[in-house]
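Student: Got a structure for you, written out below as structure tokens; questions coming shortly.
The values are calculated or read from the model by the stated rules, or taken from the named source; none is laboratory data. For clarity, every value in this text was computed on a predicted model and none was experimentally measured. Every residue, glycine among them, receives a Cβ derived from its backbone with ideal geometry; neighbour counts consider all protein chains shown. All accessible areas refer to the heavy atoms of the entire protein, side chains included, with ligands and DNA or RNA removed. Shrake-Rupley method; radii C 1.70, N 1.55, O 1.52, S 1.80 Å.
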Amino acid sequence: MQVGLIGAGNMARALARGWAEPVLCADPLPGRAAELASEVGGEALDSNRAVAERADVVVLCHKPAQLEEVARELQGAARIVVSILGGRSLADVEAAYPDTPVVRLMPNTAVEVRRGVICYVAGGGVDAELDGQLRELVGRLGIVVGVEDRLIDAATGINGVAPAYVALIVEAWSDAAVKAGLPADLATRMAIESALGSLELLRARDQDTLAVRRAVTSPGGITARGLAALERAGVRAAFVDAMDAVTERARS
Ligand SMILES: NC(=O)c1ccc[n+]([C@@H]2O[C@H](COP(=O)([O-])OP(=O)(O)OC[C@H]3O[C@@H](n4cnc5c(N)ncnc54)[C@H](OP(=O)(O)O)[C@@H]3O)[C@@H](O)[C@H]2O)c1
């Protein structure tokens, strides 16, 4: 399936790097599209419509507010539309592209290394054969999760924001170790590898967070003291506030 990207920004780049196959793309800044095409192969075209006319499937990688404006440009040319637009429901995209099969995705930038978590919801115009083809295409980028459209905003509060949250946590964690005397490079590498190993362990233990936590938390021990300090600092409340902030913004 020839993929066409409408917009050549951060998410388009991550998707194209993950697919590692030639793409067609367009962007208001022609240099940006040309750079992407020269990196992954394919062609930068001079309009969104030219991309839609040649692509089997167009992936909307512009900003959410541009849905209607871009749809007017692509009307009648797009054969299959895949939207990654945050906060724009499947119904919004289907209304903008009537009579066109539409799929809504919510990916994250880890698709670049094929470790993405990608929420997937297909519209009414997608038959079983097309659904299978699109799931295969998206599945090359990581794990595909079926999520009801009404829950995608909440899901975004996990997968969409994950690279930023995890980067912040690694940074804060290693900075704290630097304060305690560890060299910065070593602290960062240790935080990343410790997180990766602990996540693998959680998966091996059937996602049982409490059991994994209890197994390393001896009464009165150092882990118990560290955890208590994190709780005092409001780590759980911070995640609840962050989720509220994300879902509120996505709905506005
Ligand atoms: N970043 C993420 O982690 C993430 C995760 C999930 C979903 N998304 C969704 O992915 C989409 C893109 O996000 P992003 O972070 O990649 O933003 P971005 O880096 O700003 O990329 C958007 C690109 O679209 C271009 N564009 C603007 N108007 C256009 C038009 N009329 N036709 C074609 N392209 C146009 C922008 O150009 P200008 O800069 O010149 O305006 C920019 O190059 C958003 O809808 C977002 O909700 C992002």
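Student: Which strands (runs of 3 or more DSSP E) does segment 1-102 wholly contain that include 3 or more residues that are more than 27 Å from Asp127 (Cβ to Cβ)?
Tutor: Where strands (runs of 3 or more DSSP E) fall fully within segment 1-102 and carry at least 3 residues being more than 27 Å from Asp127 (Cβ to Cβ), they are 42-44.
Student: If you don't mind, another one. Given Ala128, Ala91, Ala164, Ala95, which one is small (Gly, Ala, Ser), open to solvent by 60 Å² or more (accessible area, probe 1.4 Å) and under 19 Å from Asp56 (Cβ atoms)?
Tutor: So the residue among Ala128, Ala91, Ala164, Ala95 that is small (Gly, Ala, Ser), open to solvent by 60 Å² or more (accessible area, probe 1.4 Å) and under 19 Å from Asp56 (Cβ atoms) is Ala128.
Student: Quick check on my filter: what residues within segment 103-117 are within 11 Å of the ligand (Cβ to nearest atom), in contact with a helix residue (DSSP H, G or I) (Cβ under 6 Å, 6 or more places away or on another chain) and assigned to a loop (DSSP other than H, G, I, E, B)?
Tutor: Asn108 - this is the single residue of segment 103-117 that is within 11 Å of the ligand (Cβ to nearest atom), in contact with a helix residue (DSSP H, G or I) (Cβ under 6 Å, 6 or more places away or on another chain) and assigned to a loop (DSSP other than H, G, I, E, B).
Student: For segment 106-117, indicate whether the set of residues that are among the small types (Gly, Ala, Ser) and more than 17 Å from Ile84 (Cα to Cα) is non-empty.
Tutor: Within segment 106-117, none of the residues are among the small types (Gly, Ala, Ser) and more than 17 Å from Ile84 (Cα to Cα).
Student: Looking for whichever is touching a residue at least 60 places away in the same chain (Cβ under 8 Å) and over 22 Å from the mean Cα position of the chain (by Cα) here; the options are Leu29, Leu45, Leu74, Leu15. Which one fits?
Tutor: Answer to the check: Leu74.
Student: Could you check how many residues of segment 62-86 are within 11 Å of Leu105 (Cα to Cα) and near the ligand (Cβ under 7 Å from one of its atoms)?
Tutor: 3
Student: Among Arg104, Arg79, which is the only one that is surrounded by 22 or more Cβ atoms within 10 Å (Cβ to Cβ) and basic (Lys, Arg)?
Tutor: None of the other options fit; the residue is Arg104.
Student: Right, something else. Quick check: anything in segment 46-60 out of contact with any strand residue (DSSP E or B) (no Cβ under 7 Å at 6 or more places or on another chain), within 9 Å of the ligand (Cβ to nearest atom) and among the charged types (D, E, K, R)?
Tutor: Within segment 46-60, none of the residues are out of contact with any strand residue (DSSP E or B) (no Cβ under 7 Å at 6 or more places or on another chain), within 9 Å of the ligand (Cβ to nearest atom) and among the charged types (D, E, K, R).
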